[in-house]
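This report refers to the structure that appears directly beneath it.
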Amino acid sequence: MAAVTLETESDWRRRFKPDLKVATWRKLTLVSGNYLLKTFFTQNSYEVLITDLCSFWHEKMEEKELKKRIQKLNPSIEAPLTKVLDQINQNVNIPMNQDDHLSVTMKDSEDGSQNCVMSINSQLAGMPFIWKFVCEPADSELAKENLTVPLMAMVSELLRRQQELFSIIYKKDKEIEDYKSQGARISRRYMVTPPFNAIGFFHNMNVSSGFEAEMRKKGMYVFNEIGGKLYEAVMIKQAWINKSPLKRKADESLEDADSLTDDVPKEPSVASWSNRLPPSMTETKAESPKSSVNNTPESSPAKEELLRREQLERQLQEAEQKKQEKAKKKKKMAF
């Protein structure tokens, strides 16, 4: 019997092919109302999902049906299918002045339900080009997989990342206290910050004007650039978990979850260069960045932070030397 080869996540990601689930949502503001829209285009097909947060509509078209609709709506257009799909994709995803070329209307269907018709009016090679997405009501499972569950996963992941940041901030406060105990002083008053307090932070956020402003947006801007990238990361990770039996088994065995309401966060779940103790707090001399490639952060903010720490260490050493020299001078003067 041949041995089973376990696929790693990195190998799987290299072969992973995105689909509609991975495509991020974007806000669609029209005269008829506000919508969330996600699309997925290939060379010979497309898939569209649109919602007004009450109902969901979906359409998927393959090459044969696409050519029929192109001939019906644009009989004078003679262009390759890939060119037509590019035109549709560009027009439906233009972020500005969408009312000039895009409209959404509801149309009763034969079965008594309402279809969502999204129309495009544009030009292709100097000629008028019309397209209509005729989206039928989507089933509840499609809505759950593309919006409800991913949003819950995003909130959960953001809470986890918040706890990781809280833990780093608390460690930074301890590090600053250690520097102060050795005589270090902040060179600029405006850079002085009070010790971090999670309870006070939550209270300030709850009464801040920014909190009210976000609530007035009703979550319609959650899929901005940062939110969209997180959504994509969540969907890819879920695809990997659903694919891997070992991952599913590991998830089922996780019974004791860490509380997200602790006042003092626990240790970060991943090692971070930013949590490295300064040389003054360790017995052995820290390696310099030049002598250890693995200990050198790759990002420029990380390098700046490491250089700042080394400079502060040098300043502390110079201050200590000056103290010793002053003490020696005092002894000589006493004699």
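Data table
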{"read-out": "Segment 107-131: number of residues that are surrounded by fewer than 17 Cβ atoms within 10 Å (Cβ to Cβ) and either touching a residue at least 60 places away in the same chain (Cβ under 8 Å) or in a strand (DSSP E or B) (or both)", "value": "10"}
{"read-out": "Unmet criterion (only one of (1) at pLDDT below 90; (2) part of a helix (DSSP H, G or I); (3) hydroxyl-bearing (S, T, Y)) for S187", "value": "(2)"}
{"read-out": "V84 vs. criteria part of a helix (DSSP H, G or I), surrounded by 12 or more Cβ atoms within 10 Å (Cβ to Cβ), at negative phi and β-branched (V, I, T)", "value": "yes"}
{"read-out": "Hits in segment 45-81 - residues which are among the small types (G, A, S) and surrounded by 14 or more Cβ atoms within 10 Å (Cβ to Cβ)", "value": "S45, S55, A79"}
{"read-out": "Complete set of residues in segment 216-254 that are exposed (fewer than 10 other Cβ atoms within 10 Å of the Cβ) and either at pLDDT 85 or above or within 16 Å of the chain's Cα centre (by Cα) (or both)", "value": "R216, E225, I226"}
{"read-out": "Segments classed as strands (runs of 3 or more DSSP E), wholly inside segment 1-63, with at least 3 members that are over 13 Å from A138 (Cβ atoms)", "value": "26-30, 33-41"}
{"read-out": "The listed residue being surrounded by 12 or more Cβ atoms within 10 Å (Cβ to Cβ) and within 26 Å of the chain's Cα centre (by Cα), out of I186, I199, I169", "value": "I169"}
{"read-out": "Breaking point among (1) touching a residue at least 60 places away in the same chain (Cβ under 8 Å); (2) assigned by TED's automatic domain parsing to the domain that holds G33; (3) under 24 Å from F223 (Cα atoms), for L158", "value": "(2)"}
{"read-out": "Flag for A213 being assigned by TED's automatic domain parsing to the domain that holds V155 and either loosely packed, with under 15 Cβ neighbours inside 10 Å or not in a helix (DSSP H, G or I) (or both)", "value": "yes"}
{"read-out": "Qualifying positions in segment 27-45 - closer than 17 Å to K144 by Cα and either of a type outside the set (V, I, T) or outside the structural domain of E62 (by TED's automatic domain parsing) (or both)", "value": "Y35, L36, L37, K38"}
{"read-out": "Residue within segment 211-223 that is touching a Ser or Thr at 6+ places or on another chain (Cβ under 8 Å) and over 23 Å from Q311 (Cα atoms) present", "value": "yes"}
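The values are calculated or read from the model by the stated rules, or taken from the named source; none is laboratory data. These numbers come from a predicted model, not from an experiment. Note that we place each Cβ from the backbone using ideal geometry, even for glycine, and neighbour counts take in every protein chain shown.
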